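What follows is a short report on a single structure.
The values are calculated or read from the model by the stated rules, or taken from the named source; none is laboratory data. Owing to the predicted nature of the structure, the values given are computational and were not obtained by experimental measurement. Virtual Cβ from ideal backbone geometry, glycine too; neighbours counted across all protein chains shown. Just so you know, the surface numbers come from the protein's heavy atoms only, side chains and all, with ligands and any DNA or RNA stripped out. Shrake-Rupley method; radii C 1.70, N 1.55, O 1.52, S 1.80 Å.
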Amino acid sequence: MSLTTLKDDLLHEFREERVMITEQLELLDPLATALRKPAAQRLLSGGTLAIAEFSCYVISLGGVAFLAFMHLIYPFSILGNIFYNSELRNKIGAPNLTFLIIAIYALAAVGVAMVFILGRMAREIRLKNDILHLAAKDIKTITGQHLERKAAFETIEQRHMLGTSGINHVVKQQAQVTHIVSAGYAA
């Protein structure tokens, strides 16, 4: 086991931390960009989702009341009149009339359940949007801190002319006109 100097250990740690910061920035930057959309591009704002959630709950409560008093409301009260009129009940058929009444109540109950589920979904979307907003703020802060740390690394490297410039840096060479080979001229 070879003993290294403090300078060698610090340089090695400096290089490793620089690589780590660069890799984390490559992961976080696209995520931060995706999460930082303006409010106009969002599907629905928090206020609209809260209003939709509240409206769905009120409508579902109204639907339960509708189910309770459906036999008193005009078009549906006729079913009760037909059911209790023995002549019409025998003409239509008691089982058919019973199944019709049950089907109408079941359709109304399914409608109420769907509206309630829609309200729950609006609530879940609103809560997830809050979580995404918080995550976007946190990722923006972390990305900013990483960029500051990367700038500090580059400053230290330039100040002390360390030999770490080969780490995660690709030097882009510009094409010069004199170096472009023409297909018709190539010998």
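Per atom type, segment 1-120 shows carbon and sulfur on 70% of its accessible surface, probed at 1.4 Å. Treating r as the C-beta distance of Thr98 and Arg120 and R0 as 30 Å, the FRET efficiency rounds to 0.40. Using θ = phi - 60° in the Karplus curve 6.51 cos²θ - 1.76 cosθ + 1.60, the 3J(HN,Hα) couplings for segment 93-104 round to x, 4, x, 5, 5, 5, 5, 5, 5, 5, 5, 5 Hz; x is entered for Gly and Pro.
In this simple spin-label model, placing a label point 7 Å from the Cα along the Cα-to-Cβ direction at both Val19 and Met161 gives a separation of 2.6 nm. Computed over protein heavy atoms with a 1.4 angstrom probe, the accessible surface ordering of Thr143, Thr155, largest first, is Thr155, Thr143. Taken as Cα centroids, segment 11-33 and segment 106-162 sit 20 Å apart, rounded to the nearest whole angstrom. What the Cβ-Cβ distance of Ala109 and Glu87 gives, at R0 = 30 Å and to the nearest 0.05, is a FRET efficiency of 0.50. Of Thr4, Thr98, the order by accessible heavy-atom surface (1.4 Å probe, DNA, RNA and ligands excluded), from most exposed downward, is Thr4, Thr98.
Heavy atoms of the protein chains alone define the surface here; on that basis segment 38-107 has 72 Å² accessible area per residue at 1.4 Å probe size.
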